[in-house]
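A short worksheet on the structure shown next.
The values are calculated or read from the model by the stated rules, or taken from the named source; none is laboratory data. Everything numeric in this text was worked out from a predicted model, so none of it was measured. Glycine also receives a Cβ, built like all others from the backbone with ideal geometry; neighbour counts cover every protein chain displayed.
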Amino acid sequence: MSPRTRKNGGLIIHIIITAYMFLGIAIICDEYFVPSLEMICDALSLAEDVAGATFMAAGSSAPELATSVIAVFVAKDDIGISGVIGSAVFNIMFVISVCALFAGQVISLNWWPLIRDSTFYCLSICALLLTIYDEDVTWYESVFLLLLYGLYIFMMYHNTRLEAWANTLNVPFKTATREEKSSLFGTKPVAPVTEAAAVRGDVEGAGVEGQVQAEEDTCTPLLGSCEREGRITHTDGEEVPKPPPPTEVEAATTKSMAPEMKDDDYSPWEIPVGVCERLYWGLSLPLVALHHVTTPDCRRPRFRRWYLLTFFMSMVWIAAYSYLMVWMITVIGFTLGIRDTIMGLTLVAVGVSAPDALSSLCVAKQGFGDMAVSNAIGSNVFDILLCLGLPWFLRTAIVYPGSLVPVESRGLMYSTISLFSTVIFLIVATHLNGWKLDKKYGVVLMIWYLIFMVFASLYELNVFSNLNPPQCPSNY
């Protein structure tokens, strides 16, 4: 479109496409991406905080990686850096705020994952500051970012030993460990059962002595008991009242990270009941049909072992949607005379961080608070070190060896420095709130996010000082 056509109403098409790409990212993340991540983490038996800081963070940051590649090789502007900075603030404040507001329960947090990821996030911010300080990025600076991310992965590999050592420290914000959390919610951790113990019937905590007897289909042989009309009969003949079913909180704390399975006969072509449901179904049908044909749903029994292909195809679609979204947002900002850095801090950051928000909220509703927080903060480490470091390395060392990547906006330096305030505020607010995710905590984080974005935008608009040169006029 010509500038005149866009200014006379054609820009609406770009806005509609942008919104539709937001919807596409939301659908592919909710229906395919998050379930595949959960199955990967479940298959590898990863701890919830390690899974959130590695696989979930890397996967849900696919839009940021696509945006950075586009910014370095296509747009050749600062929208990649500003998008990463805006996404970092969005993840720290908005995503965790949404988890606290809509998790449906009060979730206790362990101090170690938050302090661990926040510390490495601060190191990542320092590395970014050193990289963009001279307003040019060289190949060895990009290599430094990639090596730092390799160190982060190495630390996560030895997380169990580090956490055991950290829990021996006399820290002022000592919180419950994973085993202690189970008792807080009224559940007991399940001890592993050996085959010999199962035969003998002497499982710890079952109160069974002697040989286990198998009775009817309602028997639980490993526990040496059978259910009859609301009562439990042990193998020794003693009858005790049947315990009540677990509460929602108890169920959340004992639930596996594996997603809920669908039937093989599930069809996306069925028209739902209700006016709003039908409108949403009709609007999203092209996207749903595209995903249904190209991406296997690992929640179905026949595709259960295909979760790696689901993960890969989800990444492909997220990157494609991100490319179109960045294209449209760049045109919108250019037509309206809004700087790319402001569009990156706001619209691009919100759009590319949609997977982080959705995946963190999904696991928070299941009671995995540490996983949700680690995903949000771990995504920022991935964004800074890999989403920026990898495209910079490809350009300066492989595609154009010896070249430089310019950083034009000096306001990004101040925005990067102010990222430290978000980390400090998050830790202080969490400690004062008793290391819990609740609605009061969520409201406070949301207010701080809005304040930060207002000041960052004012920096880019040269309200406080003349940080950025004016944009050049163009006929395109």
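For the reader, a short list of remarks on this structure follows.
- In the range 68-127, residue farthest from residue 395 (Cα to Cα) [restricted to those that are among the polar types (S, T, N, Q), assigned to a helix (DSSP H, G or I) and in contact (Cβ under 8 Å) with a residue 12 or more places away in the chain]: 97
- Selection within the range 426-442 - surrounded by fewer than 18 Cβ atoms within 10 Å (Cβ to Cβ) and in contact (Cβ under 8 Å) with a residue 60 or more places away in the chain: 427, 431, 436, 438, 439
- Only one of 328, 343 that is surrounded by 23 or more Cβ atoms within 10 Å (Cβ to Cβ) and either on the phi > 0 side of the Ramachandran plot or in contact (Cβ under 8 Å) with a residue 60 or more places away in the chain (or both): 343
- Criterion applied to 353, 322 was being within 16 Å of residue 64 (Cα to Cα) and modelled with pLDDT under 75, and the one residue passing it is 353.
- Among the residues of the range 389-409, those identified as at pLDDT below 85 and surrounded by 17 or more Cβ atoms within 10 Å (Cβ to Cβ) are 405, 407, 409.
Residues checked against (1) at pLDDT below 85; (2) surrounded by 13 or more Cβ atoms within 10 Å (Cβ to Cβ):
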site	(1), (2)
419	yes, yes
424	no, no
444	no, yes
448	no, yes
454	yes, no
457	yes, yes
461	yes, yes
